[in-house]
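As structure tokens, the structure follows; a few thoughts come after it.
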Amino acid sequence: MPERAPSSTVERIVMVAPVDAILQAAQPWPHVRAMVPEDIPWVAAAAWECYPRRTPFDTWDGVVELTQSMFRNEAGEFMPVASPVALTEDDYIAGFVTAVYRCTLRDDLPDCPYILDCITLPDHRRRGVAAGLLAASARALKAVGEREVALTVYDDNEAGKALYSRLGFVEVMRRPASS
């Protein structure tokens with residue numbers, strides 16, 4: 001993924017979707033497993049590779065700390081069952097989703113499970129990995145009685161916004177990327 005230049009006009013868009021809409025729009029990725037703490041090194045490496053160099057992803061140490069903090073429940077109660085890792089048929093990692101029960105980083109976020117990350121590694125993009133991961137996460141959320149899920153996307157991430165809209169996500173708020 002080409003790096004995007006930081007911009008003071010970039011915003012974060014918070015989106016919410018019914019889990020049933022996600023399940024109607026996409027099939028779960030066929031080869032998944034739940035994320036575990038041993039995944040921290042490669043999850044951090046994937047975030048470093050895939051996210052633009054803007055706060056909080058502008059330093060390697062910051063990315064590692066964010067990844068570790070997720071497993072310490074600092075963003076909310078981590079949900080391994082709703083945090084699938086996509087594997088290829090050859091057992092290579094293609095991407096992952098990380099989810100928390102309720103995001104506690106801000107008190108104005110939707111009161112539903114929250115996708116902290118949805119990352120597809122560059123060699124596996126445009127193959128349905130992200131949609132399949134979100135469907136796998138939605139299936140797990142539905143199994144525990146959840147009806148909606150939220151996430152945040154940068155407004156300059158056109159591919160992400162298109163995917164999320166196709167899966168039934170709608171914008172519920174915007175804020176500057178720096179907040």
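The values are calculated or read from the model by the stated rules, or taken from the named source; none is laboratory data. Because the structure is a prediction, the values reported are computed rather than measured. Every residue, glycine as well, gets a Cβ built from its backbone with ideal geometry; the counts of neighbours run over all protein chains shown. These area figures cover heavy atoms from the full protein model, side chains too; ligands, DNA and RNA do not enter into them. Shrake-Rupley method; radii C 1.70, N 1.55, O 1.52, S 1.80 Å.
Points to keep in mind about this one:
- Checklist (1) modelled with pLDDT of 90 or more; (2) open to solvent by less than 10 Å² (accessible area, probe 1.4 Å) applied to residue 78, failing item: (2)
- Condition check for residue 67: outside any helix (DSSP H, G or I) and of a type in the set (Ser, Thr, Tyr): no
- Some residue of region 131-139 being open to solvent by 50 Å² or more (accessible area, probe 1.4 Å), more than 23 Å from residue 67 (Cα to Cα) and in contact (Cβ under 8 Å) with a residue 12 or more places away in the chain: yes
- Region 10-35: number of residues that are modelled with pLDDT under 90, aliphatic (A, V, I, L, M) and over 18 Å from residue 158 (Cα atoms): 0
- Cβ-Cβ under 9 Å pairs, at least 6 apart or on other chains, region 148-163 side part of a helix (DSSP H, G or I), far side aromatic (Phe, Trp, Tyr): 160/154; 161/154; 161/169; 163/169
- Taking region 121-130 as the range and being out of contact with any helix residue (DSSP H, G or I) (no Cβ under 8 Å at 6 or more places or on another chain) and either hydroxyl-bearing (Ser, Thr, Tyr) or crowded, with 16+ Cβ neighbours inside 10 Å (or both) as the test, the residues that pass are 124, 128, 129.
- Top-ranked residue in region 104-120 [being in a loop (DSSP other than H, G, I, E, B) and modelled with pLDDT of 90 or more; ranked as surrounded by the fewest Cβ atoms within 10 Å (Cβ to Cβ)]: 111
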